[in-house]
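Inspection log for the structure reproduced underneath, given as structure tokens.
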Amino acid sequence: MCWEDDGFQEEKGWVRDAINRTWEAESSLRFEGWGRCDESTRSGLRVHFLDQRGFTRGLGRQLNNVPSGVNLNTWKQEA
């Protein structure tokens with residue numbers, strides 16, 4: 001997996017911690033990479049931060065190397 005965005009170090013830490021405590025703790029799945037996506041990126045989840053509702057551009061294998069395939073909002077919006 002890789003990040004589409006520079007910065008957001010604290011938020012990236014939250015995501016990595018959540019994945020470690022859930023997916024990796026409860027399954028044999030292991031996330032690798034955790035670096036910046038670039039032109040050499042050929043596979044994996046590409047994660048993007050944006051200030052709107054989080055969403056994905058597919059599920060499972062449909063997300064392999066899809067630019068901004070996983071879109072996360074880590075900012076709490078007040079109602």
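Derivation of every value follows stated rules applied to the coordinates shown; laboratory data play no part. Everything numeric in this text was worked out from a predicted model, so none of it was measured.
Here are some notes:
- Relative contact order of the chain: 33 percent, from C-alpha pairs under 8 Å at least 6 residues apart in sequence.
- Share of alpha-carbon pairs per 5 Å distance bin for the chain, given as whole %: 3, 15, 23, 27, 21, 8, 2, 1, 0
- Length available on full extension from Thr56 to Glu10: 0.36 nm per residue minus the Cα-Cα distance, which gives 14.4 nm.
- The length gained by stretching the chain between Ser40 and Ala25 to full extension, at 0.36 nm per residue less their Cα-Cα distance, is 2.5 nm.
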